[in-house]
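Here, each number is a calculation from the coordinates, and none is a lab measurement. Bear in mind the structure is a predicted one, so any value in this text is a computation, not a measurement. With ideal geometry, Cβ positions are generated from the backbone for all residues, glycine too; neighbour counts draw on all protein chains shown.
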Amino acid sequence: MLHKLIFGFFCFVFASPAFAQFELAGSWAARNHEFLAGDGLPVDFTGIPMNDEGRTRALSYSESQLAMTERQCQGWPAFYFVQGPFGLKIWADTDPVKGSVISYTIGAWEDRAPLTIWMDGRPHPSKYAEHTRAGFTTARWEGNVLVAYTTHMQAGFLRKTGAPSSDQATLTTRFSRHGDVLTVFAIIEDPVYLAEPWILSKSFQVSPTPISPIGPPCVTTYEASVQSVPHYAPEKNPFVDEMTMKYGVPREAAIGVPETLYPEYRKKFRPTPQRGDAGTAPAPKAENAQSRAHVEAARKIAGNDAFLMNPYNFFCIPGNARPNNVNAPELEPVKIFDNLYAVGNSEATVYVLTTTDGILLIDSGFADRVESVVVPGLRKLGLDPAKVKYILLGHGHADHFGGSKYFQDQYGTKVGLMAADWDLLYAPNANPNQARPKKDLVLVENQPVKLGDVTVTPVAIPGHTPGSVAFIFPVKDRGKTRVAGLFGGTVLTVDRLTTDALKQYVASIAHYLDVAKGMKVEVELQNHAIFDGTPERLATLKSMKAGDPNPFIVGTDRYLKMWNIVSECIQAEIARRSPS
Ligand SMILES: [Zn+2]
Ligand SMILES: [Zn+2]
């Protein structure tokens, strides 16, 4: 023990600054082991602990601002030398007599100004002094670490996609060297836009070839006629959920809520388990003459119709189909027709049909969201959850039946499902701890369910599950009756289904098309509304004026075309699996 203490003491003595300083000047190649730019998506502020002001400002940013003449060269504050992907050229200005370093300069890189680090002990200027892109930096040695402190930076961005930094931001940089590796540890503090310090680290390595700085940083090259600053109004950033959609990252993490930076957040992070229809898409299979013919047929049906291009793009372009995302944002409760509403999740939607004798739900969403999302959603729409008489389930997966046990227990709601999927729910290998509704109403094709003035017609569409079912029912559009169709068992991704199941599914679509044609279905609804342009249609609905047509009425011709497109795309997949 004593031996160790003495050893430690000597280390301390020899670690005096004069011995431990290292040579900072030279050419340092970037070692981009970490992705620090974070600019792959318009809204990806993960890892930046922004406060509410920072977040509001970040979400207001539109990339079109770069078209403004005065912003073409706005460049980056000093911390970009850590964040950007470039190497560093650092040189020293040396006292000619004493040989001590007066300053180090990190050379410029196009959109980053040269950064001078004063080593001669001079003070920082008054806070009223000019702020520049690079700011004002002093440094001193702390043992074998050079600690630099930067103030007087102009306002700029923490991330290229709009996370702001103010002119009060400061940067503390710790440079340390191990062999030929230079590690830079940066702490950015900003009392205006950050709730906590933002910390970055990056390594550089001695470059055998010289790295030349590139500058002056930028010259404005063209005059654009942008009259006002392009931006998004609060709550209007169209990209806010892109990260959630693409990667399942919850919105609060994508928009830089400080809590999401800590390990404890993992406990709250809703993982993406194999729940409902979740799964991953396989690598696309090779096309052949037959598969191409089906894709071309689908493309031909879609024509120039933007609505029909949705299912074409989703199902016919390999790699585009995806499962519904369990972390997708919840739906804003919405009235679609006089007697039809939607609540629940934006990607696993619950439809609410009001009748003269109570309420009928189609699907019930996930079990863990019935009390937090579905019931409050009904209340927000002015609907009494106690009046829910029936829940009809599109099929027997947990993203559809999960919430129905709650309604059964609380309100005596009757739950309807096809026999084959009741069997699925109570199969010997089914999870007994799942919130399963007790077997109640057995739906049968052509045996309509009546509640008050509304009749719902079930159509068997086995494929996704053996007991998948579509529902056809009337809705009222400003008093006029329209016929709606909801296909309750869409195959979103084909990877888990056998070719026989896909063939059965194609036959089911054909059968459904017959019935839908006969009943003149003209309103298109989906429980997994991720391939039918529903987000855009909901936006249209919101801004709809008195005489405008309801965007959910697509007409019978287009409705049939839509499901023919889905069928062609699935047939293309079958063809890919069995090359002839
Ligand atoms: Zn399913
Ligand atoms: Zn589902």
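What is the extension gain from Ser62 to Glu223, computed as 0.36 nm multiplied by their sequence separation minus the C-alpha to C-alpha distance, in nm to one decimal?
On the way: separation 161, 0.36 × 161 = 57.96 nm, distance 1.85 nm.
Gain on stretching Ser62 to Glu223: 56.1 nm.
Just check region 15-206 against the gyration tensor rule for me: Cα atoms, a ≥ b ≥ c as the square roots of the eigenvalues, rounded for a/c under 1.5, and otherwise prolate or oblate depending on whether a/b exceeds b/c.
Verdict is prolate for region 15-206.
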(request) Sum -39500 (n - 2.57) across every DSSP H segment of at least 4 residues in the chain, then divide by the residue count to get the 222 nm mean residue ellipticity, nearest 500. (result) -6500 deg cm²/dmol
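Determine the shape class of region 511-553: with a ≥ b ≥ c the square roots of the Cα gyration tensor eigenvalues, call it rounded for a/c under 1.5, and otherwise prolate if a/b is greater than b/c, oblate otherwise.
Oblate.
Quick check on region 348-467: take the gyration tensor over C-alpha atoms, sort the square-rooted eigenvalues as a ≥ b ≥ c, and tell me if it's rounded (a/c under 1.5), prolate or oblate. Don't skip to the end; give the middle numbers.
On the way: a/c = 1.90, a/b = 1.19, b/c = 1.60.
Oblate.
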(request) May I ask for the distance between the Cα centers of region 542-560 and region 38-77, given as a whole number of Å? (result) 36 Å
(request) Just rank Val506, Val229, Val459, Val219, fewest to most, by other beta-carbon atoms within 10 angstrom. (result) Val219, Val229, Val506, Val459
(request) Give me the Kirkwood hydrodynamic radius of the chain, using the inverse of the mean 1/r over all pairs of distinct Cα atoms, in Å to one decimal. (result) 28.0 Å
(message) How many angstrom lie between the Cα centre of region 94-167 and the Cα centre of region 424-501?
(response) 65 Å
(message) Restricting to DSSP loop positions (anything but H, G, I, E, B) with no more than 15 other Cβ atoms inside 10 Å of their own Cβ, which chymotrypsin sites (Phe, Trp or Tyr not before Pro) remain in region 31-137?
(response) Phe35, Tyr128
(request) Return one number: the angle in degrees, 0 to 90 and rounded to the nearest 10, between the long axis of the Cα atoms of helix 2-14 and the longest principal axis of the Cα atoms of the chain. (result) 70 degrees
(request) Could you tell me the distance between the Cα centroids of region 361-382 and region 314-340, to the nearest Å? (result) 16 Å
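Between Asn313 and Asp338, what FRET efficiency comes out of the Förster formula 1/(1 + (r/R0)^6) with R0 = 41 Å and r the beta carbon distance, rounded to 0.05?
0.80
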(request) Among Thr493, Thr260, Thr499, Thr209, rank each residue by its count of other Cβ atoms within 10 Å, from fewest to most, as a rough exposure measure. (result) Thr209, Thr499, Thr493, Thr260
(request) Provide the FRET efficiency to the nearest 0.05 for the Asp409-Asp557 pair, computing r from the beta carbons and using R0 = 45 Å. (result) 0.55
